[in-house]
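Notes follow once the structure below has been shown.
The values are calculated or read from the model by the stated rules, or taken from the named source; none is laboratory data. Since this is a predicted model, take the numbers as computed values, not measurements. Reconstructed Cβ throughout: ideal geometry from the backbone, glycine too, with neighbour counts over all protein chains shown. These area figures cover heavy atoms from the full protein model, side chains too; ligands, DNA and RNA do not enter into them. Shrake-Rupley method; radii C 1.70, N 1.55, O 1.52, S 1.80 Å.
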Amino acid sequence: MSAFESTTTAIPETGEVPRHVAIIMDGNGRWAKKRFLPRVAGHRRGVEAVREVVKACAARGVECLTLFAFSSENWRRPSEEVTFLMQLFLKALEQEVDKLHRNGIRFRVIGDLSPFDPVIVEHIRRGEALTAANPGLTLTVAANYGGRWDILQAANRCREESPGEPITEERLASRLALDYAPEPDLFIRTGGEERISNFLLWQLAYTELYFTPVLWPDFGAAALDEAIASYRSRERRFGRTSEQLQAALPQPRVG
Ligand code: IPE
Ligand code: IPE
Ligand code: MG
């Protein structure tokens, strides 16, 4: 069973700070192009933005941060770029995991890791094991992740574990790759495109969506605060009416 309530079957408690922020880190290539640099220079700068945003989320009390690093469709890119991204991922794992651990951050990776170099997978597993008991922010990197892949693998697991039993929302959700996190409260996509690109299809059912033209290498603590400010201004109704929400608010005393 999933540890968290589903936004379609229960109404979650919401606060001033989103518990779970999910980000599509887009715009690295365009950031580089604007500077007449190769696309990969944008990816390199993107790692610095990741560092800053992880720190800022931890400082603001966000519980879970999920970052889309490589989609199941990104294999379609030129092979030199894919190779560079894999090397960059390995380098980041080598350099950052111990730092994450020292800062009390729990590190996880979601996605189909089967096509990855075993050295990368080994670093991922080591990092996950090292940081598993940490109490701080849960940082999840989505690598070779696709929302459709996730739903299908969860459905297949349901079928294998109890063949013939109907698949319920609860059973499916508890087999999704992010079974350890509540559904995202805030989704951010940088880089100006306004699409989901096969990210967390199931979990975004009631997430507040925020799109910014800021390119990922330029995104940092200030831009994150703008996104959180926008989130705070939203009325999350989960299917109810605005009047119902107003009626549930504590009434000011008269006299
Ligand atoms: C996002 O930046 C990083 C990955 C998808 C790995 P892009 O590389 O997609 O940058 P743009 O969209 O081409 O600017
Ligand atoms: C989405 O960005 C995936 C990641 C940021 C990892 P893309 O740049 O691949 O998305 P599309 O192709 O523009 O939809
Ligand atoms: Mg892109």
Exercise. Does region 224-234 contain any residue that is touching a helix residue (DSSP H, G or I) at 6+ places or on another chain (Cβ under 6 Å), more than 25 Å from G146 (Cβ to Cβ) and away from ligand 2 (no atom under 16 Å from the Cβ)?
Worked result: yes
Only one of A222, A227, A247 is surrounded by fewer than 13 Cβ atoms within 10 Å (Cβ to Cβ) and either modelled with pLDDT of 95 or more or in contact with a Lys or Arg (Cβ under 8 Å, 6 or more places away or on another chain) (or both), namely A222
Taking V62 as the residue in question, decide whether it is part of a loop (DSSP other than H, G, I, E, B) and either among the small types (G, A, S) or open to solvent by less than 40 Å² (accessible area, probe 1.4 Å) (or both). yes
Here the qualifying pairs (Cβ atoms under 6 Å; residues six or more apart or on different chains; first in region 87-116 and β-branched (V, I, T); second part of a helix (DSSP H, G or I)) come out as V97/G127; V109/I124
| query | Among the residues of region 175-182, is any modelled with pLDDT of 95 or more and over 13 Å from the mean Cα position of the chain (by Cα)? | reply | yes
A22 meets each of (1) farther than 22 Å from N74 by Cα; (2) open to solvent by less than 10 Å² (accessible area, probe 1.4 Å) with one exception, condition (1)
Subset of region 9-44, residues under 16 Å from the mean Cα position of the chain (by Cα), within 15 Å of ligand 3 (Cβ to nearest atom) and of a type in the set (A, V, I, L, M), comes to I23, I24, M25
- prompt: Hey, does region 181-191 have a residue that's of a type in the set (D, E, K, R), within 16 Å of ligand 3 (Cβ to nearest atom) and without any contact (Cβ under 8 Å) to a residue 60 or more places away in the chain?
  reply: no
